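The structure appears right after this line, and notes come after that.
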Amino acid sequence: MRLIANEGNTGKRVCLRHYILLLTLIPFMFGMGVETPAPVHYRLLQIPVKTHFSDQSSKSIEVRLLVSHGCGECIEFTELWRQWAAQQPGDVSLLQTHVILSAQSAVLAEAYWLGEELNILPQVIEYFGTSLSGDASPQNLETQLSAFYLQLGLTPDEIEDARQSFNVVANVREARASSEIYRIREVPAIIINGKYLTDVSSAQSYDNLLSITDLLVEKERVAQVPVNPLLTDGE
């Protein structure tokens, strides 16, 4: 399922996949005069989401990566995302948003922001990767994390105060809200300009996910170009 770029002939294979995807998307990018459903590798959001630049004159195209704490595929994809992000032109604005898709991810999200609030985030991240049983129930995760905090010398009162702090409560609430706003089914997922959503299942590989994102960014870029009245029909 995953096709991660390597040295050698990978660039040619990626270019070929990109070309094939372009051919399948051209009718949807530029229109063919008929109503057609969105292709399966991305979908239109039923209700477009206001982007960070909606109220500004900027022509920036927002690309938002959605991830979830405790998601192994998100960790794998993030490195490719960073490489891709470094190559984007100035009109592409990149954001990353954490979402909560399950009771387990809610526990892990709270633990992440607790770590940030208590200045133990590096230890929390390391614990996520080395010691935490990711397939445990939410209750078991809570038990594991409570024992971990105590091992670090934190008291139950310190943990509870941090849990009730503004930053932790606000971040957890925002993550829950983002999940509902974008109506996502899985992560990692990418939202392009508040209009289009694509994810690994739709794209079928990490490489394709980024190629589809490229095509949808270009679709939005083309849509922002003013129409020359001298080239319109009837002139």
Between Glu62 and residues 5 or more places away or on another chain, which pairs have amide H atoms under 5 Å apart, with H built 1.01 Å from N, and which residues are they?
-> Ser93, Asn193
In sequence order, calculated HN-Hα J values of the stretch 188-197 (Karplus, 6.51, -1.76, 1.60; Hz; x Gly/Pro) = x, 9, 10, 10, 10, 6, x, 10, 10, 10
For the Ala177, Glu126 Cβ pair and Förster radius 22 Å, calculated FRET efficiency rounded to 0.05 is 0.15
May I ask for the distance between the Cα centers of the stretch 175-220 and the stretch 125-142, given as a whole number of Å?
-> 27
Can you list the HN-Hα couplings for the stretch 79-91, worked out from phi with the Karplus curve (6.51, -1.76, 1.60; θ = phi - 60°), rounded to whole Hz and with x for Gly and Pro?
-> 5, 5, 4, 5, 5, 5, 4, 5, 9, 7, x, x, 8
When the Kirkwood hydrodynamic radius is evaluated over all pairs of different C-alpha atoms of the stretch 103-179, what value in angstrom, to one decimal, is obtained?
-> 12.6
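None of the figures in this text is laboratory data; all of them are computed from the coordinates on show. Remember, it's a predicted structure, so these values are computed and weren't measured experimentally. A quick note on method: Cβ atoms are made from the backbone with ideal geometry, for glycine too, and the neighbour counts reach across all protein chains shown.
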